[in-house]
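Asker: Before I ask anything, let me first share the structure, which is written out below as structure tokens.
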Amino acid sequence: MPKVSVIIPTYNRAGRVVAAVDSVLGQTYEDRGIIVIDDGSTDETKAVLQRYGGKIKCLFAEHDGPIAARNLGIRNSTGKYIAFLDSDDTWLPDKLAAQIEVLERDEDVGLVFTDMYLVDEKGKTEKLFSDWADIVDGRVFRHLLRGNFISMSSVVIRKTCLDRVGALEESAAQIGVEDYHLWLRLTKHFAVKYIDRPLVNYSIGGEDKLTSVDKLDKLARISEVLRDIGGKMDLSGEERRLLRKSAAKNLYEMGRLLSRSGSHEKAVEKFGSAIKLRPLYLRAYYFLLVSFLNAVRASCFL
């Protein structure tokens, strides 16, 4: 059995999944097995994957979404370590070797992630992080409450850690942010190691650019994650303070988006909710007043 199980969910990416799989096959660390989950693709994905023969394990599922696909991969994994790779991303050749070396050396580390190159639709790249090691290394739960900085395609996790905290939450309200929920649960109990080298090519193509509506939806899903974590986890007083602060900032950002789009009454509601969580949030008071006045002004012209 391979020491690392690499899980690659895909859907209608016949033209891109090959590069993802090949980047795993090209790793200098060879004690790995590849599980590709075709989530009900209607293009040539199945035929493309079958060309690999026994080099990879293919699972074919109904179109249940990426969360269910990744969990299916986890259930079928046999490795001591679990790695995830999105089918439009690729790894640099020494990614797994660098991460497994850390995990084998330090039993306290439950998750290792790396820096990444952000690759746009024109192939241009830039680093995501720079000198973040002092912030995102070690016990990072409190830092992570402020926002997600761990990419699914960059991680390797001990399987025993997943056994303890559970797999990805299959909630429709968390689609697109399900990784954040998992990282919070993991980092509450286990240390993290960050490798300050870009070892992933992370795609930020045109399809990944968010509209204001998309951003509002994502913020709402992040709010659901924070609410769920706050309700289910045993947090210290300081951790709850940080969670409320993060939730308030999230509501504030939702209010700003709503205000810019002309939904002033809804913006007032979000700013008000932010203030309830963080009573000294001065910027929220300011924009609450601005949105309220804009809502009154708009009603006068109806």
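Computed from the coordinates by the stated procedures, all read-outs in this text should not be read as laboratory data. Everything quoted here is computed from the prediction, not taken from an experiment. Reconstructed Cβ throughout: ideal geometry from the backbone, glycine too, with neighbour counts over all protein chains shown.
Asker: Would you mind working out the magnitude of the charge dipole of the chain relative to its Cα centre, with +1 at each Lys and Arg C-beta and -1 at each Asp and Glu C-beta, to the nearest 20 Debye?
Answerer: My answer is approximately 1100 debye.
Asker: Along region 55-65, what does the Karplus equation 6.51 cos²θ - 1.76 cosθ + 1.60 (θ = phi - 60°) give for ³J(HN,Hα), rounded to whole Hz, x for Gly and Pro?
Answerer: 5, 9, 9, 10, 10, 10, 10, 5, 7, 9, x
Asker: What distance in nm separates the simple spin-label points at VAL165 and PHE60, each placed 7 Å from Cα in the Cβ direction?
Answerer: Reported label-point gap for VAL165 and PHE60 is 3.5 nm.
Asker: Here's another thing I want to ask about it. Report the net charge of residues surrounding THR28, where surrounding means a beta-carbon distance below 12 angstrom and charges are Lys +1, Arg +1, Asp -1, Glu -1.
Answerer: Details: positive: ARG32, LYS95; negative: GLU30, ASP31, ASP94, GLU101.
Taking every Cβ under 12 Å from that of THR28, the sum is -2.
Asker: Could you pull out every whole DSSP H run in the chain that spans at least 27 Å of Cα extent along its own axis and averages 0.5 or higher on the Kyte-Doolittle scale? Don't jump to the answer; show the numbers that get you there.
Answerer: Values: long enough: 212-232 (30 Å, -0.31); 237-260 (35 Å, -0.98); 282-300 (28 Å, 1.07).
Passing helices, by number: 282-300.
Asker: Can you check what the net charge comes to around ILE100, using other residues whose Cβ is under 15 Å from the Cβ of ILE100 (Lys, Arg +1; Asp, Glu -1)?
Answerer: Values: positive: LYS3, ARG32, LYS80, LYS95, ARG105, ARG158, LYS159, LYS193, ARG197; negative: GLU30, ASP31, ASP94, GLU101, GLU104, ASP106, GLU107.
With Lys, Arg at +1 and Asp, Glu at -1, the neighbours total +2.
Asker: With only alpha-carbon atoms counted, please give the Rg and Dmax of the chain, in Å.
Answerer: Gyration radius and largest Cα-Cα distance of the chain: 21.0, 71 Å.
Asker: Can you bin region 84-129 into rounded, prolate or oblate? Criterion: square roots of the alpha carbon gyration tensor eigenvalues sorted a ≥ b ≥ c, rounded for a/c under 1.5, prolate for a/b above b/c, oblate for the rest. List each step's numbers first, then the result.
Answerer: On the way: a/c = 2.78, a/b = 2.39, b/c = 1.17.
Prolate, since a/c reaches 1.5 and a/b exceeds b/c.
Asker: Another question, then. With the alpha-carbon atoms as the only input, what is the per residue convex hull volume for region 180-302 in Å³? Can you show the working numbers first?
Answerer: Details: hull volume 17.7 nm³, N = 123.
Given the Cα convex hull of region 180-302, per-residue volume reads 144 Å³.
Asker: Can you list residues whose amide H is under 5 Å from ALA191's amide H, if they're 5+ apart or on another chain and H is modeled 1.01 Å from N?
Answerer: GLY110
Asker: Separate question: Could you tell me which residue out of VAL21, LEU49, SER87 lies farthest along the dipole of region 1-127 toward its positive end? Charges go on the beta carbon: Lys and Arg +1, Asp and Glu -1, centred on the Cα centre.
Answerer: So the residue we want is LEU49.
Asker: Based only on other Cβ atoms within 10 Å, what is the fewest-to-most ordering of THR187, THR125?
Answerer: Numbers: THR187 24, THR125 14.
So the ranking, lowest neighbour count to highest, is THR125, THR187.
Asker: Okay, next question. Would you work out the relative contact order for region 1-130, in percent, from Cα pairs under 8 angstrom that are 6 or more residues apart?
Answerer: Numbers: 221 pairs, mean separation 42.0, N = 130.
Here the relative contact order equals 32 percent.
Asker: Please find the FRET efficiency linking LYS127 to LEU280, where r is the Cβ-Cβ separation and R0 is fixed at 30 Å, and quote it to the nearest 0.05.
Answerer: On the way: r = 36 Å, r/R0 = 1.19.
The formula returns an efficiency of 0.25 here.
Asker: Moving on to the next point. Relative contact order, percent, of the chain when contacts are C-alpha pairs under 8 Å separated by at least 6 residues? Display every interim value, and only then the final one.
Answerer: Working: 530 pairs, mean separation 50.3, N = 302.
Value for the chain: 17 percent.
Asker: With labels modelled as points extended 7 Å from the Cα through the Cβ direction, what inter-label distance (nm, one decimal) is found for HIS189 paired with GLU30?
Answerer: Taking the simple label geometry, HIS189 and GLU30 are separated by 3.5 nm.
Asker: Provide Rg and Dmax in Å for region 48-196, with only Cα atoms included in the calculation.
Answerer: Over region 48-196's Cα set, Rg and Dmax evaluate to 15.7, 45 Å.
Asker: While we're looking at this one, here's another question. I need the calculated FRET efficiency for the pair ASN148 and ASP43, taking r as the beta carbon distance and R₀ as 30 Å, to the nearest 0.05.
Answerer: Working: r = 30 Å, r/R0 = 1.00.
Efficiency computed from Cβ-Cβ geometry: 0.50.
Asker: While we're looking at this one, here's another question. Once you put a point 7 Å from the Cα of LEU118 and another 7 Å from the Cα of MET233, both along the Cβ direction, what distance in nm separates them?
Answerer: Here the modelled spin labels are 2.5 nm apart.
Asker: Shifting gears a bit: Quick one: what are the phi-derived ³J(HN,Hα) couplings along region 193-200, Karplus 6.51/-1.76/1.60 with θ = phi - 60°, whole Hz, x for glycine and proline?
Answerer: 10, 9, 9, 7, 9, x, 10, 9
Asker: Can I ask one more? Any idea what the relative contact order of region 212-300 is, in percent, if you count C-alpha pairs under 8 Å spaced at least 6 apart? Each step should come with its number before you reach the end.
Answerer: Values: 79 pairs, mean separation 21.7, N = 89.
The normalised contact order for region 212-300 reaches 24 percent.
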